[in-house]
């Protein structure tokens, strides 16, 4: 591995809820300890997997502070700060506290469907306002907007504090173009668990993962083996986990991973609407595959 701070496995942490839909603080502490013990290199608070759109502003602050307290300096913490109102995102970056935060993860604006010129101007302002390094997040499957390779590269060249992109476009040509032409301070991070192994082989520096919430040790071992060039071991682990990757997202995320984590006694199987828990059939399939992985 190199000295890039976010090399390896970052986990996009879930937000556990009690049956009354309030935040389950004991479960959140338990999950933080679980993922650190499982070998994650860093934690992402308030990413997509956290169900952040359903959290009130005060709840987001509470979750972030609780994660920081429980982590207690053991690994870096990244905070999700993004949206489709540029002024609001900039104000968050200017006026929120970022004490203890290693970087922000900022998603492309959704729903408005900006073009590439709008994305450039949006992230210009994000970079200029952010007191910490910025990780871009391209996930067109959720936002309906794809940030093209040339836009990503232009932002990386303009702003030394834009240090990476979490790429979840699924477009290998686009991702390899970024890796091939990026400036030295900038890296590509996988945004899809299932293609992290081949992306690392192509030059990615790791992943921000959903799967690492649950089967943390197996997944971080795969990522680390791939990064260190032990491709046979990484490949073996990849194919042992392949069906689990598919099942985790079969009914949306984080429905799948919460169902599995409930079986692991890490949290309640509770989501806030408009998301709902995974079906009993999917939950059983997840447990069966989990048991096979642990044989």
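Observations on the structure shown:
- Here residue 266 clears all of (1) outside any helix (DSSP H, G or I); (2) surrounded by 23 or more Cβ atoms within 10 Å (Cβ to Cβ) except the condition numbered (2).
- Which numbered condition residue 123 misses (of (1) in a helix (DSSP H, G or I); (2) in contact with a strand residue (DSSP E or B) (Cβ under 7 Å, 6 or more places away or on another chain); (3) closer than 21 Å to residue 220 by Cα): (3)
- Residue in the range 239-249 that is closer than 30 Å to residue 157 by Cα and crowded, with 24+ Cβ neighbours inside 10 Å present: no
- Check on residue 224, touching a strand residue (DSSP E or B) at 6+ places or on another chain (Cβ under 7 Å) and more than 25 Å from residue 142 (Cα to Cα): yes
- Any hit, the range 16-23, residues being surrounded by 14 or more Cβ atoms within 10 Å (Cβ to Cβ), in a helix (DSSP H, G or I) and in contact with a helix residue (DSSP H, G or I) (Cβ under 8 Å, 6 or more places away or on another chain): no
- In this structure, residue 276 does not satisfy being touching a residue at least 40 places away in the same chain (Cβ under 8 Å), more than 19 Å from the chain's Cα centre (by Cα) and part of a loop (DSSP other than H, G, I, E, B).
- Tabulated pairs, the range 219-236, first at negative phi and surrounded by fewer than 18 Cβ atoms within 10 Å (Cβ to Cβ), second part of a loop (DSSP other than H, G, I, E, B) and at pLDDT below 95, C-beta under 9 angstrom, 6+ apart or interchain: 228/1
- Test result for residue 226, outside any helix (DSSP H, G or I), within 19 Å of the chain's Cα centre (by Cα) and modelled with pLDDT of 95 or more: no
The values are calculated or read from the model by the stated rules, or taken from the named source; none is laboratory data. Just so you know, these numbers come straight off a predicted model, no measurement behind them. Cβ coordinates were reconstructed from backbone atoms using ideal geometry, including for glycine residues, and neighbour counts include every protein chain displayed.
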